[in-house]
Amino acid sequence: MLALVIEGLVTLGERSQAAQLYSLVRELIGTGAIVLWPVFRFTQTIAGIAASAARQRDAAEEHFQIALQQAASFPNILEQAEIRRFHAMMLIDRAAPSDRAKAQTLVKEALATYTQIGMSRHLDMPQALLG
């Protein structure tokens, strides 16, 4: 449920509440958990989302990188697209000089994956990030 709560809170714009759960995700990762079932979300993805909500962007960057490596090794194509979308959200929020270009690349990659696997309803989410 932790993954669903964090993702839901961020989606609803309740970032401060999601941020408060970051320490719990770190504890979960400490147990050795990699993938949460039945949502099949990587713990590192959720940690990246929570760290981003907590404005711990360097930690979020690291979590997203680890999650992307894990998703590639499984492989989990949908999770790869989701990681890229959430990572782009963090970069846009951080707004460092090179973040916009990197976020655009991540969004394009997520869009290509959503299109490739036939998830047309997911196309609006990453497109809205750059809108």
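The values are calculated or read from the model by the stated rules, or taken from the named source; none is laboratory data. These numbers come from a predicted model, not from an experiment. Here the Cβ is made from the backbone with ideal geometry for all residues, glycine too, and neighbour counts use every protein chain on show. The accessibility values were calculated without ligands, DNA or RNA, using every heavy atom of the protein model including side chains. Shrake-Rupley method; radii C 1.70, N 1.55, O 1.52, S 1.80 Å.
Net charge of the neighbourhood of residue 109, taken over other residues with C-beta under 10 Å away and scored Lys/Arg +1, Asp/Glu -1, is +3. Compute the FRET efficiency between residue 55 and residue 115 as 1/(1 + (r/R0)^6), taking r as their Cβ-Cβ distance and R0 = 35 Å, and round to the nearest 0.05. Efficiency for this residue pair is about 0.65. Assuming charge only on the beta carbon of Lys and Arg (+1) and of Asp and Glu (-1), the dipole of the stretch 48-97 about its Cα centre is about 120 debye to the nearest 20.
Packing order of peptides 38-45, 83-90, highest average first: 83-90, 38-45 (average count of other Cβ atoms within 10 Å over each peptide's residues).
Rg/Rh for the stretch 27-76 (Cα atoms only, Rh after Kirkwood) is 0.97.
With all protein chains kept in place, the per residue accessible area of the stretch 91-131 amounts to 63 square angstrom at a probe of 1.4 angstrom. When the Cα positions of 68, 97, 78 are compared along the charge dipole of the stretch 47-124, 97 comes out farthest toward the positive end, with charges on each C-beta of Lys, Arg, Asp and Glu. Solvent exposure of the stretch 1-65 amounts to 52 Å² per residue of accessible area, where only protein heavy atoms count and the probe is 1.4 Å. Computed extension gain for residue 34 through residue 20, at 0.36 nm per residue and net of the alpha carbon distance, reaches 3.0 nm. Each Lys and Arg adds +1 at its Cβ and each Asp and Glu adds -1 at its Cβ; summed about the Cα centre, the chain shows a dipole of about 200 debye.
For the stretch 15-131, the residue among 24, 37, 54 whose Cα projects farthest onto the positive side of the dipole built from Cβ charges is 54. When the solvent-accessible area of the chain is split by element, carbon and sulfur atoms take up 56 percent of it, the probe being 1.4 Å. Comparing Cα centroids, the stretch 1-40 and the stretch 43-58 end up 9 angstrom apart.
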